[in-house]
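Below is one structure, written out as structure tokens, with a few remarks after it.
Nothing in this text is a laboratory measurement; each read-out follows from the coordinates by a stated rule. Just so it is clear, the structure is predicted and the values come from calculations on it, not from any experiment. Positions of Cβ are generated from backbone atoms using ideal geometry, with glycine treated the same way; all protein chains shown enter the neighbour counts.
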């Protein structure tokens, strides 16, 4: 319970960094959760983030699992609210303003400029994530197979993740 | 209500995952399974961003800003806020509205008129 104010502070801050998607905030999440507050280890954070990829709904609801591990159900609830509420309100406000700025010349500049930056931030986050997740040739193969399967098929990606988990139980012990 | 309908199942799923993870994460089979899950999640995320990049990136400027943001995060380690601020500012400036010297404020005037 003593961690609740820190959880609110950290996840409210992180919510404003999710430009283009949750992965953009992953590097800062690692700094805050692993290095600053030591709530989880690096490997635990990667595990929690990976589990989030299987969740039915927003993948970034994985913040609730972090809260659950740190401070139980109250932690899960405050993390989810702190993470989703500010950006939800902001998106609603900016969405309305954005419509009004339809003919503002800089609108297109902001859209064109922030698009590649958001992709770069997410790929940067993915590289940091991958450094912990990819540890040997088996994990390389699992990542590559998933990459190819997701690009070439329409099968629910959660099934590939579950299958990789089963493979992991057998060969990564 | 719609938002709650989308978020609630994910919230319940992640809370349950947290409880199970808290109880079993020390077991070797659980850690091994999660290593497999993490590897596949890397592939999934890479595929997602590969598809987004393929659709939305165009030209040299875009490539430069993608690389600059990646380097800011992974090589210079300046953090997400500073990378976003610096690279974002340069990127927006690079795509600034074309300034017409003969009619300097034409686009802005048009926008201001549209507000009335």
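Observations on the structure shown:
- Residue exposure proxy: A:28, A:65, A:43, ordered by other Cβ atoms within 10 angstrom of their Cβ from fewest to most, comes out as A:43, A:28, A:65.
- Chain A, relative contact order in percent, only Cα pairs under 8 angstrom and at least six apart counted: 28 percent
- From the C-alpha gyration tensor of segment B:1-45, square roots of 5λ in Å: 25, 16, 4
- Crossing angle, helix A:4-15 versus chain A [Cα axis fit, 0-90 degrees, rounded to tens]: 70 degrees
- With neighbour counts taken as other beta-carbon atoms within 10 Å, the residues B:82, A:81 rank, fewest first, as B:82, A:81.
- Chain A: most fluctuating residue of A:134, A:110, A:161 per GNM, C-alpha cutoff 10 Å: A:110
- Least to most buried among A:104, A:137, A:98 (fewest other Cβ within 10 Å first): A:137, A:98, A:104
- Based on Cα contacts under 8 Å between residues 6+ apart, segment A:1-47 shows a relative contact order of 21 percent.
- In chain A, the calculated helix contribution to ellipticity at 222 nm averages -25000 deg cm²/dmol per residue, counting -39,500 (n - 2.57) for every DSSP H run with n ≥ 4.
- Principal-axis analysis of the Cα atoms of chain A puts helix A:62-100 at an angle of about 30° to the longest axis.
- Between 0 and 90 degrees, the angle of helix A:157-171 with respect to the longest Cα principal axis of chain A falls at about 30 degrees.
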